[in-house]
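Notes follow once the structure below has been shown.
The values are calculated or read from the model by the stated rules, or taken from the named source; none is laboratory data. Please read all numbers here as calculations on a predicted model, not as lab measurements. Cβ sites come from the backbone with ideal geometry, for glycine too, and all protein chains shown count toward neighbours. The accessibility values were calculated without ligands, DNA or RNA, using every heavy atom of the protein model including side chains. Shrake-Rupley method; radii C 1.70, N 1.55, O 1.52, S 1.80 Å.
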Amino acid sequence: MKKILLSLVALMAMSVQTALAQDLIWNEDFSSFETNAVPSGGDYQYVSADGTSSTKVYNEALAGGEMPELLISKNGGSFTVTIPMNGKSGELTLSFKSNKKNLTVTAENATIGEKSATGNDYQYPVTVAAGTESVTFIFSNSSSSNIRFDNARLFSGEAKKPAGITWGTASRDVTLGAEDNNLPTLSNTNNLPVTYSSDNTEVATIDAEGTITLVAAGTANLTASFAGNDEYEAAEVTVKLNVKAAATEPDPSEDITNTPETAYTVAKANELIAAGKGLDSKVYVAGTITKIKEVSTQYGNATFWIGDEATHGEADLQIYRGYFLENQKFTAENQIKVGDKVVMYGLLVDYNGTKEMKTVYVYSLNGNQTVGIRGIEAGKNSQSIYNLAGQRVGKAVKGIYVINGKKVVK
C-alpha cells in the first residue's frame, strides 16, 4: 500500500513539474548576429524609419538583456518575426525585454491580450487556434526615441521569473592604480547563485565573490552567469571593462597638433586613436566622404564617414555631429555629398570601439574654406585670410597665413 501511495505522489509531482515547465516555441537574443548586422531574411524582417539599414544590432545592454540587442528605430521603425507553430496552439505567452514602454505589439494569425510589465520585462498573453501554421508578430516604434529590444520568447506553460541580475551598465572606463575607480558591481536582487568569469585575465580578473582586480591596460569582458532553476530563468550578463594605463605627466613628444597643409590621413588618425596619445588636441584630417548617415537642418550638424581613397570600409573615420565650413551650422542636406574631398578639424576619439572625430567641423570642402564663396570665383581684390588655427582673420600682420588657399609668410 505504501509503494502505491509513493508511486501516486511521484506521479503527481511529475505532473505538476510538467505543468510548470516551459515549452519554448521561439527564442531570440540576437547572440548569433554580428555587431552592426541587420536582422533580415528568413523569418525576420527589419525596417528602419527612413527605409534604410542605418540602425542595427548594437553591442550594448540598455534593455537589460545579454549583449547584443536590437535597436528598433524611432518614428516608424519595426521588427517583424514569423514563427512556425509546428502543431503548437492554445494559450501561449510572448515575453521580451525593452528599455521603453511604448513599443506597440500586434499579431497576425493569433489573438494578443493586454500586456503586463515589471521593469524592463514585458509579457503578452497570446491565443493561437488549433491548426495554425505560423504566427507573425510586429514590434513597432512610433515614438520619437529609439527602443532597445532583446530576449524575446514565445512559449506555453508557466512563465519563470526573470533572474534579475544586472551590471547596471554596458561598459565602464577605469584606470590602473586610481583610487577613485568606479568598478561595476553586480546587482543580484534575488540572491541567486552566480558564477563570474573574465575573457581577458591579463587585463582584469574577477573572483567567485565578484571582486575585480585590474592587472594591465586593455579591454576585458566580465560575465556573471546564472544557470536557471524551476523558479527563475537562466541569465548571463556582461560588462565591458576599458582599463586605461596609469596617468602620467604630459609628454611634449605626444603633441599631435598639425596644420591644414599637413593634415593627417584617415589611416594615421586611426593609428593615433589606437595609441591613445595626445587626443586632447584638435587636429586636421583629410579624406573623402564615403557615407552620410544624416545632415540635420534642425540641429545644424551632420554625421558621416571619411576614408582614404585606397582603403574605404572598416578603416573609415566617423565624423560625429560635425558642423559645416567656418564652423557654421548646416542649412541644407545637399551641402555635402559622397565623394567630396574634405579636411576636418576636431578631436580624435575612441567611443566604445568606434574611431571618430567630435567637436569637429569642415575646414575645407573640395578646396574651398568658406561658406560664402563656395562655387563662386573670387574677384581680383577679394582675399580669404586664415591663420594656422583655421580661424579667418581680416588682416595678415606677421607670421604664416593661408591667403586664397595658399600659404604666405608675412
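Looking at this structure, is residue 210 open to solvent by less than 40 Å² (accessible area, probe 1.4 Å) and farther than 30 Å from residue 94 by Cα? Here the answer is yes, as residue 210 does meet what is asked. Per the conditions (1) among the aliphatic types (A, V, I, L, M); (2) within 28 Å of residue 27 (Cα to Cα); (3) without any contact (Cβ under 8 Å) to a residue 60 or more places away in the chain; (4) open to solvent by less than 30 Å² (accessible area, probe 1.4 Å), the sole criterion not satisfied by residue 227 is (4). For beta carbons closer than 6 Å, sequence separation of 6+ or different chains, a first residue in region 305-328 that is more than 13 Å from residue 364 (Cβ to Cβ) and a second that is of a type in the set (Asp, Glu) and modelled with pLDDT of 90 or more, the qualifying pairs are 305/316; 307/316; 318/356; 320/356. Annotation note: of 279, 241, 272, the sole residue that is assigned to a helix (DSSP H, G or I), open to solvent by less than 70 Å² (accessible area, probe 1.4 Å) and closer than 22 Å to residue 174 by Cα is 272. None of 31, 48, 40 is of a type in the set (Gly, Ala, Ser), within 24 Å of residue 135 (Cα to Cα), touching a Gly at 6+ places or on another chain (Cβ under 6 Å) and at pLDDT below 85 except 48.
Any residue at all in region 158-169 that's surrounded by fewer than 22 Cβ atoms within 10 Å (Cβ to Cβ), of a type in the set (Gly, Ala, Ser) and under 30 Å from residue 218 (Cα atoms)? Within region 158-169 (the criterion being surrounded by fewer than 22 Cβ atoms within 10 Å (Cβ to Cβ), of a type in the set (Gly, Ala, Ser) and under 30 Å from residue 218 (Cα atoms)), the answer is yes, since at least one residue qualifies.
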